[in-house]
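**Student:** Got a structure for you, questions after.
The values are calculated or read from the model by the stated rules, or taken from the named source; none is laboratory data. All figures in this text were calculated on a predicted structure; none of them were measured in a lab. Neighbour counts run over all protein chains shown; Cβ positions are idealised from the backbone, glycine included. Just the protein is used for accessible areas: all its heavy atoms, side chains included, with ligands, DNA and RNA removed. Shrake-Rupley method; radii C 1.70, N 1.55, O 1.52, S 1.80 Å.
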Amino acid sequence: MKELKNPTLIVICGWAVCGKGTIAKKVAKKLKVHWLDIDEIRVLNFGLPNPYPNVSAEAMERDRKEMKGSYELLYSAINSMLSMKRSLIVTATFSRASYWNEIIDSLKNYPDYQCKIIWCKPINDTEEEIKRRLKKRIFGANCYSSVNSIERYREVKARYEQTKLPHLELNTS
């Protein structure tokens with residue numbers, strides 16, 4: 001088994017239904033590293049999200065606020081782990097370039113840390129493939145995401161902004 005020589009922050013990002021959790025679960029088990037997922041943080045703090053937030057402006061606003069709060073909690077957890085010099089894997093969409101600023105700022109305080117970013121980027125995202133992936137997701141059991149349709153998938157993917165930080169692109173098709 002490969003050991004991490006220095007404390008390492010591994011960020012696994014990408015739009016919804018791209019395989020972030022599948023990859024993180026395998027990496028965390030192999031490296032024996034703690035893993036935090038943005039959707040689980042959200043559920044623990046705000047309860048189950050509305051599975052269909054795009055039904056109204058109010059629901060979309062609530063969804064936005066809950067995700068903003070979830071990212072704030074994720075950043076706090078990252079800072080705690082960094083301060084203890086513990087390795088950590090995090091999974092989140094990080095769909096906006098500005099979401100990376102907090103991580104960049106945190107890492108400035110911990111120069112011993114390595115940061116590895118894996119962008120899960122499925123090349124095959126045909127309608128059939130997305131439907132196949134969505135079919136595996138059971139909201140409230142193995143999935144807490146509001147991405148539950150082709151339309152919602154396309155909407156989330158369309159607003160995804162690629163990180164400008166050095167990263168590995170992983171075809172998760």
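**Student:** Can you figure out the FRET efficiency of residue 104 with residue 29, using R₀ = 35 Å and their beta-carbon distance, to the nearest 0.05?
**Tutor:** Given R0 = 35 Å and the Cβ-Cβ separation, E is 0.80.
**Student:** Follow-up question, since we're still on this one. Using each residue's phi in the range 18-29, evaluate 6.51 cos²θ - 1.76 cosθ + 1.60 at θ = phi - 60° and report the 3J(HN,Hα) Karplus result to the nearest Hz, with x for Gly and Pro.
**Tutor:** The phi angles translate into 9, x, 4, x, 4, 5, 4, 4, 5, 5, 4, 5 Hz.
**Student:** Strictly under 4.7 angstrom between C-beta atoms: which cysteines of the chain have no such partner?
**Tutor:** 13, 115, 143
**Student:** Also, quick follow-up: Taking the 0 to 90 degree range and rounding to the nearest ten, how far is the long axis of helix 99-108 tilted relative to the main principal axis of the chain, both from C-alpha atoms?
**Tutor:** Taking the Cα atoms of the chain, the angle to 99-108 is about 10 degrees.
**Student:** Let me ask you something else. Can you give the relative contact order of the chain as a percent, counting alpha carbon pairs under 8 Å and 6+ residues apart?
**Tutor:** 38 percent
**Student:** Related question: Looking at the chain, I'd like the Rg to Rh ratio, where Rg is from alpha-carbon atoms and Rh is Kirkwood's inverse mean 1/r.
**Tutor:** 0.95
**Student:** Per residue, how much accessible area does the chain show when a 1.4 Å probe rolls over the protein heavy atoms, in square angstrom?
**Tutor:** Ligands and nucleic acids excluded, the figure is 57 Å² per residue.
**Student:** Tally up the carbon and sulfur contribution to the accessible surface of the chain as a whole percent, 1.4 Å probe, everything protein left in place.
**Tutor:** Reported share for carbon and sulfur atoms: 53 percent.
**Student:** Sticking with this one: What Kirkwood hydrodynamic radius, in Å, does the range 44-108 give when the mean of 1/r is taken over all pairs of distinct Cα atoms and then inverted?
**Tutor:** About 13.4 Å, per the Kirkwood formula over Cα pairs.
**Student:** Right, next: How about residue 164: which lysines have a C-alpha closer than 18 Å to its C-alpha, ignoring those fewer than 8 places off in the same chain?
**Tutor:** 108, 116, 121
**Student:** Between helix 57-83 and the chain, what is the angle of the helix's C-alpha long axis to the longest principal axis, kept within 0 to 90° and rounded to the nearest 10?
**Tutor:** Roughly 10 degrees between the two axes.
**Student:** Sticking with this structure for a sec: Of 59, 92, 24, which has the largest mean-square fluctuation in a 10 Å C-alpha GNM of the chain?
**Tutor:** Highest fluctuation of the listed residues: 59.
**Student:** Oh, and also: Can you give me the long-range amide H partners of residue 36? Hydrogens built in the peptide plane at 1.01 Å from N, cutoff under 5 Å, separation of 5 or more residues or another chain.
**Tutor:** Counting only residues 5 or more places away or on other chains, the set is 89, 90, 91.
**Student:** Could you tell me the calculated FRET efficiency between residue 72 and residue 168, based on Cβ-Cβ distance and R0 = 22 angstrom, to the nearest 0.05?
**Tutor:** 0.25
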